[in-house]
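S.K.: Structure below; questions to follow.
The values are calculated or read from the model by the stated rules, or taken from the named source; none is laboratory data. This structure is a prediction, so every number in the text was calculated from the model and none was measured. Reconstructed Cβ throughout: ideal geometry from the backbone, glycine too, with neighbour counts over all protein chains shown. Only protein heavy atoms, including side chains, enter the accessible area calculation; ligands, DNA and RNA are left aside. Shrake-Rupley method; radii C 1.70, N 1.55, O 1.52, S 1.80 Å.
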Amino acid sequence: GNIEYLGRRDQQVKIRGFRVELGAIASILTQHPGVQDAVVIVHEEASQPQRLIAYVVSPSQTVDLVGSLRTTLKAELPSYMVPSDIVVLEALPLTPNGKIDRKALPLPELQEVAISNQARSPVEEVLTGIWAQVLGLENVGIYDNFFDLGGHSLLATQVISRLNRAFQLELPLRDLFEAPTVAGLAARIETALRSTSGAPIPTIQPLSSKQTIFPLSFAQRRLWVLDQLEPGNPFYNIPIAVKLSGALEIAALEQSFQEMIQRHANLRTTFTTVEGEPVQAIAPHLSFELPIIDLQALPPAEQTVEVQRLISEEAQHAFDLSQGPLLRATLLKLSDSEHILLLNLHHIISDAWSMGVLVRELADLYAIFISHSPSLLSPHSSPLTPLPIQYPDFALWQQQWLQSDRYQAQLDYWKQQLGGLPVLALPTDYPRPAVQSFRGASHRIQLSKDLSQQLRSLSQQSGVTLFMTLLTAFEALLHWYTGQEDLVVGTDIANRHPVETEGLIGFFVNQLVLRTDASGNPTLTDLLHRVRQVTLDAYTHQDLPFDHLVEALNPPRDLSRTPLFQVKFVLQNAPMPSLSLADLNLEVLEVDRGTAKFDLLINLADTPEGIQGSLYYSTDLFEAASMTRLWERFEFALQYLVTQPESHLSDLAIALTEADRAQHRRSQQQKLRQMRRKVTPIS
């Protein structure tokens, strides 16, 4: 018979894809002893991202209060619910009816109390501008924590790249992790500026558009060699299938692809040899046509089967690197209002970051072309902002970097770090074949929203990234599987620290080898700190091409394994805009590639629905049931990490074993019940 008032329903908002209850934030603020009243709003401006602003009433308008409130909020709430600004007022403005007048709340930049959180020096001013640009925020305070504002390792790399360019320094990525506020990092920059150790990073120079032959980048050379060894294999295809619902203007979509191909030289590239050396050849122009396969005549059931067949066929359709084009698109017409776009690129011209660039530019161009504005449809100029460089310019810049002292310093680091590298002895269901076949399968995986949020909170409290936290639990699980204390896992790095590369479609990604010492039965917290150290060191030395590292270490040749590591762990944090195309509804469809480049690859992404992704595995080595159990054990290890971080690796091993036994008992009991149901009583 009682009603508990929780708050107004219209106070729920969405921030960066997360549902946020504004009343919950205000409630935590009012529990602070220095706050008499509080209200939280969402501030929106055209072309600017949303941001949360908290207004508190307090007699003590001090910076210490703001800092204390931030600490309280970070301890109680996920990062996306922590307001960007906290404004201290003498009283909240009210309407004549006595309600809070939200329209009368002043913006933070108009408050004197906010001035103390603003830049005090030219260095801090430059820093706040760079942070705001990278994080997509309107304002950044000098005491704001980069990672609490939504930063992660990939965005940190972009910040450091811009800082090094702005101040002509060579700041390591570690500095941002150790000093994650503008004020703290500015102090390090000022110290570096007073020394003579900083070496300027050379800029990438744009070359004449008349040049058509360029050397390969290091990443391209790796895939070109693999293609020479196994011509026509589909292992490095990037197939995508998107369902488009609504009124599609096919001519505008085709024109958008044509403009994007003309805009990015890398999409007009083929690969050949000159005097025995592989080169990339850039075509000055490449005509694009969007083939249409009409499936409207098929009944719905047959249509579904045919769509799946065509998706699989395209995913397995190999590219000829010497002929091109290395981008294909096909449109399947299901009805006047439903289409499926099949897109396929070879990895040698694209990567995960590139797909974000492609989605953003395709959406922008399609919106322009359906407007039919004659001034924007000029064949002589692009409607988008010109690119500062092209991918071949980056490839030439890499050749110069190869001759630098930085190259040798990074090579020396990796030689020392990876000397005597062990092989991870992950138990398999089948004997390892003499030659790796790359046959594989995938398994969709997802963590609950609750566990995902607990992992984010633990990461913030521990001063690490979400990737480091996930990797710690994964390596603890590998230790349980193998009994090894020297753990080797591979990962990907975007490798786009030169600012000019951020808007390019191209293959930049590099592979890093993360070697963690799990000896001495450390606590999970201690292991997390070790993973953090190893990861930061790897990020600092991320430029060395993986193939150069393999060549330098010269491991024993083994056709049954990939070199240096066989298990890979990736958390995708490349910038990916929301999937949209004018008024169309878009849905990404699952594409089964049927391949696996490694024994095991876990590829995750942090989404508003929780951490999710895919587990790819070699079917030559593992059964599907074993991979399902591995994922269940990984979830258990993650839950154990967030609830008992001070437990030792041996404690987790015991808990995993007990959980396995309990699962086995449940399975046996279920089988017994099924057998009993099948027994027919004798009358």
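S.K.: Report, by residue number, each residue of the stretch 601-652 that is assigned to a helix (DSSP H, G or I) and in contact with a strand residue (DSSP E or B) (Cβ under 6 Å, 6 or more places away or on another chain).
M.R.: MET627, TRP631, listed by residue number.
S.K.: Then there is this: Output the residues belonging to the stretch 563-587 that are out of contact with any Ser or Thr (no Cβ under 7 Å at 6 or more places or on another chain), modelled with pLDDT of 85 or more and among the aliphatic types (A, V, I, L, M).
M.R.: Scanning the stretch 563-587 gives LEU564, VAL567, LEU571.
S.K.: Could you list, ordered by first residue, the pairs with Cβ atoms under 7 Å in which the first is in the stretch 637-653 and of a type in the set (Asp, Glu) and the second is part of a helix (DSSP H, G or I), at least 6 apart or interchain?
M.R.: Close Cβ pairs satisfying both conditions: GLU646/THR525.
S.K.: Quick one: how many residues across the stretch 529-554 are under 29 Å from VAL225 (Cα atoms) and under 19 Å from the mean Cα position of the chain (by Cα)?
M.R.: 6
S.K.: Now for a different question. Can you give me the number of residues within the stretch 163-177 that are modelled with pLDDT under 85 and open to solvent by 20 Å² or more (accessible area, probe 1.4 Å)?
M.R.: Counting residues in the stretch 163-177 that are modelled with pLDDT under 85 and open to solvent by 20 Å² or more (accessible area, probe 1.4 Å) gives 5.
S.K.: Scan the stretch 543-562 residue by residue and report those that are farther than 16 Å from GLY420 by Cβ and either of a type in the set (Val, Ile, Thr) or touching a helix residue (DSSP H, G or I) at 6+ places or on another chain (Cβ under 8 Å) (or both).
M.R.: Residues satisfying the conditions are ASP543, LEU544, PRO545, PHE546, ASP547, HIS548, THR562.
S.K.: Conditions: (1) without any contact (Cβ under 8 Å) to a residue 24 or more places away in the chain; (2) closer than 19 Å to LEU571 by Cα; (3) not acidic (Asp, Glu). PHE147 meets all but one. Number of the miss?
M.R.: The single condition PHE147 does not satisfy is (1).
S.K.: Just give me the residues in the stretch 45-96 being outside any loop (DSSP other than H, G, I, E, B), of a type in the set (Val, Ile, Thr) and at pLDDT 80 or above, in sequence order.
M.R.: ILE53, VAL56, VAL57, THR72, ILE86, VAL87, VAL88
S.K.: Would you tally the residues in the stretch 385-428 being open to solvent by less than 70 Å² (accessible area, probe 1.4 Å), within 30 Å of GLN262 (Cβ to Cβ) and outside any loop (DSSP other than H, G, I, E, B)?
M.R.: Looking only at that region, the number is 10.
S.K.: Still on this structure, please answer the following. Applying the selection to the stretch 72-105, what residues are β-branched (Val, Ile, Thr) and crowded, with 18+ Cβ neighbours inside 10 Å?
M.R.: Matches in the stretch 72-105: VAL82, ILE86, VAL87, VAL88.
S.K.: Looking only at the stretch 213-226, decide whether some residue is closer than 25 Å to LEU310 by Cα and either in contact with a Ser or Thr (Cβ under 9 Å, 6 or more places away or on another chain) or charged (D, E, K, R) (or both).
M.R.: Within the stretch 213-226 (the criterion being closer than 25 Å to LEU310 by Cα and either in contact with a Ser or Thr (Cβ under 9 Å, 6 or more places away or on another chain) or charged (D, E, K, R) (or both)), the answer is no, since none of the residues qualifies.
S.K.: Just to verify a result, which residue in the stretch 499-516, among those that are over 23 Å from LEU601 (Cβ atoms), open to solvent by 10 Å² or more (accessible area, probe 1.4 Å) and not hydrophobic (A, V, I, L, M, F, W, C), is farthest from the chain's Cα centre (by Cα)?
M.R.: GLU500
S.K.: Let me ask something else about it. Among the candidates ALA605, ALA582, ALA538, ALA574, which residue alone is more than 24 Å from SER462 (Cα to Cα) and either of a type in the set (A, V, I, L, M, F, W, C) or open to solvent by less than 60 Å² (accessible area, probe 1.4 Å) (or both)?
M.R.: The unique qualifying residue is ALA582.
S.K.: Can ARG633 be described as within 30 Å of ARG515 (Cα to Cα), touching a Phe, Trp or Tyr at 6+ places or on another chain (Cβ under 9 Å) and open to solvent by less than 80 Å² (accessible area, probe 1.4 Å)?
M.R.: Against the criterion (within 30 Å of ARG515 (Cα to Cα), touching a Phe, Trp or Tyr at 6+ places or on another chain (Cβ under 9 Å) and open to solvent by less than 80 Å² (accessible area, probe 1.4 Å)), ARG633 qualifies.
S.K.: Is the stretch 189-203 home to any residue that is surrounded by 20 or more Cβ atoms within 10 Å (Cβ to Cβ) and at pLDDT below 90?
M.R.: yes
S.K.: Restricting the search to the stretch 471-495, which residues are of a type outside the set (Asp, Glu), open to solvent by 10 Å² or more (accessible area, probe 1.4 Å) and in contact with a Leu (Cβ under 8 Å, 6 or more places away or on another chain)?
M.R.: Matches in the stretch 471-495: HIS479, TRP480, TYR481, THR482, GLN484, ILE493, ALA494.
S.K.: Could you run through the stretch 24-38 and say how many residues are out of contact with any helix residue (DSSP H, G or I) (no Cβ under 7 Å at 6 or more places or on another chain) and open to solvent by 30 Å² or more (accessible area, probe 1.4 Å)?
M.R.: Number satisfying all stated conditions: 6.
S.K.: Would you be able to tell me the number of residues in the stretch 296-342 that are of a type in the set (Gly, Ala, Ser), closer than 30 Å to PRO278 by Cβ and out of contact with any strand residue (DSSP E or B) (no Cβ under 6 Å at 6 or more places or on another chain)?
M.R.: The qualifying residues number 1.
S.K.: While we're on this one: Would the stretch 278-286 turn up any residue that is assigned to a loop (DSSP other than H, G, I, E, B) and either touching a His at 6+ places or on another chain (Cβ under 7 Å) or in contact (Cβ under 8 Å) with a residue 40 or more places away in the chain (or both)?
M.R.: Taking every residue of the stretch 278-286 in turn, at least one turns out to be assigned to a loop (DSSP other than H, G, I, E, B) and either touching a His at 6+ places or on another chain (Cβ under 7 Å) or in contact (Cβ under 8 Å) with a residue 40 or more places away in the chain (or both).
S.K.: Any idea which residue in the stretch 363-384 is least open to solvent (accessible area, probe 1.4 Å), counting only those that are assigned to a helix (DSSP H, G or I) and modelled with pLDDT under 85?
M.R.: Looking at the filtered set, the residue picked out is LEU376.
S.K.: Report whether or not LEU524 is within 16 Å of GLU475 (Cα to Cα), aliphatic (A, V, I, L, M) and modelled with pLDDT of 90 or more.
M.R.: Taking the combined requirement at face value, the residue satisfies it.
S.K.: Among the residues of the stretch 444-470, how many are part of a helix (DSSP H, G or I), open to solvent by 40 Å² or more (accessible area, probe 1.4 Å) and touching an Asp or Glu at 6+ places or on another chain (Cβ under 8 Å)?
M.R.: 2
S.K.: Criterion first (in contact with a Phe, Trp or Tyr (Cβ under 6 Å, 6 or more places away or on another chain), touching a residue at least 40 places away in the same chain (Cβ under 8 Å), farther than 27 Å from ILE611 by Cβ and among the hydrophobic types (A, V, I, L, M, F, W, C)) does ALA395 satisfy it?
M.R.: yes
S.K.: Additional query: May I ask you to say which residue of GLU275, GLU313, GLU289, GLU302 is at positive phi and open to solvent by 70 Å² or more (accessible area, probe 1.4 Å)?
M.R.: Going through GLU275, GLU313, GLU289, GLU302 in turn, the sole match is GLU275.
S.K.: Which count do you get for residues in the stretch 316-337 that are surrounded by fewer than 18 Cβ atoms within 10 Å (Cβ to Cβ) and farther than 17 Å from ILE240 by Cβ?
M.R.: Of the residues in that region, 7 qualify.
S.K.: List pairs: first residue in the stretch 404-430 and touching a residue at least 12 places away in the same chain (Cβ under 8 Å) and closer than 20 Å to PHE565 by Cβ, second residue of a type in the set (Phe, Trp, Tyr) and surrounded by 14 or more Cβ atoms within 10 Å (Cβ to Cβ) anywhere in the structure, Cβ distance under 8 angstrom, at least six positions apart or on different chains.
M.R.: LEU424/PHE565; LEU426/TYR481; PRO427/TYR481; THR428/PHE622
S.K.: Is it true that SER560 is closer than 29 Å to THR157 by Cα and modelled with pLDDT under 95?
M.R.: It is false that SER560 is closer than 29 Å to THR157 by Cα and modelled with pLDDT under 95.
S.K.: Given the residues GLY150, GLY141, which is the only one that is at positive phi and part of a loop (DSSP other than H, G, I, E, B)?
M.R.: That would be GLY150, the only listed residue that is at positive phi and part of a loop (DSSP other than H, G, I, E, B).
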